[in-house]
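Read the structure below first, then the notes.
Derivation of every value follows stated rules applied to the coordinates shown; laboratory data play no part. Because the structure is a prediction, the values reported are computed rather than measured. Neighbour counts are summed over all protein chains in view; Cβ atoms, including those assigned to glycine, are modelled from backbone coordinates with ideal geometry.
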Amino acid sequence: MLIVHHLNNSRSQRILWLLEELGLGYEIRRYRRSSDMSAPKDLNAIHPLGKSPILEDVGENGQRCILIETGAICEYLVERADGRFGPNAAIDALLYRQFLHYAEGSVMPVLFALLVVSKIPILGRVATKRIQPMLDTHLDFIEWHLAARPWFAGDQISAADVMMSFPLEAANVRGTLAEDRPAITAWLERIHARPAYINALEKGGPYAFAA
Ligand SMILES: N[C@@H](CCC(=O)N[C@@H](CS)C(=O)NCC(=O)O)C(=O)O
């Protein structure tokens, strides 16, 4: 049995979306962020880092496996679904691997840095001016990439698109996408229209990034 330890308004929404796309059965344990956006301490009882998503897989013999990191969880679920949403003839395996890691490895750290400095008065404005161009470089690269293909790894949607959803949704709601990135905007519209995405939103509860 698959259990998703899910924090509202967070990266773990991607895991719910992927599970819905793959049609795998799962349960959700919900956790609510506090006013400073931190996760409740109950999550530390599941994993010492206390961050979401956490996937718990309980085997028929009661054996319990705990997995963290959205990208690793996506790969695990793709394997569980016999490779669906993973590389195939319509998916470039190298692009798939690259974007599966790029989302959390390169884009999210810049977005997180922007979020942190935006909360610092005066000096934060100076820091934002230094960091915003770093994000713009990523967004320009992504725009160029998506202008040439409908999905991140080729002609078919894959777990690479699932991984890229959170950083691009976060950039979008913070107003950092700007109108001159039509390929990214069209990609966001495509993912938001998918029935599995909509089902995941209904199941996951509050998620402020699907605008
Ligand atoms: N790279 C990790 C990041 C995990 C992470 O930072 N999760 C955030 C949710 S967006 C969290 O749990 N934040 C609450 C906290 O740090 O207290 C992943 O992709 O799973």
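Legend: calculated FRET efficiency, Met1 to Arg125, from the Cβ-Cβ distance at R0 = 41 Å, rounded to 0.05, equals 0.25. Dividing the convex hull volume of the alpha carbon atoms of segment 2-84 by its residue count gives 88 Å³ per residue.
Taking amide H as placed 1.01 Å from N in the peptide plane, Ser12 has its amide H under 5 Å from the amide H of Leu7, each at least 5 places away in sequence or on another chain.
Over segment 90-195, the fraction of Cα-Cα pairs per 5 Å bin, rounded to whole percents and listed from the shortest bin up, is 2, 12, 23, 24, 18, 10, 6, 3, 1, 0. Kirkwood hydrodynamic radius computed over segment 39-137 comes to 16.5 Å, based on all pairs of distinct alpha carbons. Using C-alpha pairs below 8 Å separated by at least 6 residues, the relative contact order for segment 14-81 is 26 percent. A dipole drawn for segment 55-180 from +1 and -1 charges on Cβ atoms has a positive end, and of Thr128, Val173, Val162 the residue lying farthest that way is Thr128. Each Cα pair under 8 Å and six or more residues apart adds its separation to the average, and for the chain the resulting relative contact order is 25 percent. Under a Gaussian network description of the chain, with springs only between Cα atoms under 10 Å, the residue in Ile46, Ile66, Ile120 that fluctuates furthest is Ile120. Can you list the lysines whose alpha carbon is less than 29 Å from that of Lys119, not counting same-chain residues fewer than 8 positions off? Within the straight-line limit of under 29 Å, Lys119 reaches these lysines: Lys41, Lys51, Lys129.
What 222 nm value per residue comes from the helices of the chain, counting each DSSP H run with n ≥ 4 as -39,500 (n - 2.57) and dividing by all residues, nearest 500 deg cm²/dmol? Let's see the in-between values first.
On the way: 8 runs with 103 residues, N = 211.
Helix-only estimate at 222 nm: -15500 deg cm²/dmol.
The share of Cα pairs per 10 Å bin across the chain, counted from zero up to the longest distance, runs 8, 33, 37, 18, 4, 0 percent.
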